[in-house]
């Protein structure tokens, strides 16, 4: 996931057949891209690609939770948010650990694969943004889906910049820097989600 994934409250709560259809499409896009990008990241020895692949997996799971709790009570929705937050913390820890492993064990990633897959990921996230832009305003559950998709597209640009840096310097440093930044974004998002979930539970207790 991306920083700033849970903000603002509005009126739309997701109770729309059209919104649910669009959300299912976005879930499918993210699931497919997780498989594609994780395989490519492993083949190219790119931590940035693998981190972004995990972001797709986290998004698919998060959107699935968002879909499942539409129309539920605040207690149920806040509990789902806490699950999202804990999972993001776990992913952030994995990215940090694997990045350290990359520094000491792996070689320079393949810039060409990073660039191609990074562009494909960007197209996938832009497609998700296009599907969700009609419903960008809503309650925290709906809003989180929109912001995560929008910010993921920004993250894909960062991966492409890392690919350019790897190609230009013949060094894995740009890849590691982007992977580290993405790990920080996972952690920041997790903290924001957990804080909001705790506040919501206290308000309705």
Residue 90 passes all but one of (1) crowded, with 24+ Cβ neighbours inside 10 Å; (2) modelled with pLDDT of 80 or more; which number fails?
(1)
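If you check residue 34 against the conditions, is it surrounded by fewer than 16 Cβ atoms within 10 Å (Cβ to Cβ), touching a helix residue (DSSP H, G or I) at 6+ places or on another chain (Cβ under 7 Å) and in a helix (DSSP H, G or I)? So that I can check it myself, show each step before the final result.
Values: surrounded by fewer than 16 Cβ atoms within 10 Å (Cβ to Cβ): no; touching a helix residue (DSSP H, G or I) at 6+ places or on another chain (Cβ under 7 Å): yes; in a helix (DSSP H, G or I): yes.
Answer is no for this residue.
Can you find a residue in segment 112-126 that is closer than 30 Å to residue 201 by Cβ, at pLDDT below 80, in a helix (DSSP H, G or I) and touching a helix residue (DSSP H, G or I) at 6+ places or on another chain (Cβ under 6 Å)? Outline the logic, then answer.
If we filter segment 112-126 for residues that are closer than 30 Å to residue 201 by Cβ, which is where we start, we get none.
Within segment 112-126 (the criterion being closer than 30 Å to residue 201 by Cβ, at pLDDT below 80, in a helix (DSSP H, G or I) and touching a helix residue (DSSP H, G or I) at 6+ places or on another chain (Cβ under 6 Å)), the answer is no, since none of the residues qualifies.
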Is segment 197-205 home to any residue that is in a helix (DSSP H, G or I), touching a helix residue (DSSP H, G or I) at 6+ places or on another chain (Cβ under 6 Å), touching a residue at least 24 places away in the same chain (Cβ under 8 Å) and surrounded by fewer than 19 Cβ atoms within 10 Å (Cβ to Cβ)?
yes
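The values are calculated or read from the model by the stated rules, or taken from the named source; none is laboratory data. No experiment lies behind these values; they were computed from the predicted model shown. Because the Cβ atoms are built from the backbone with ideal geometry, glycine has one as well, and the counts that use them run over all protein chains shown.
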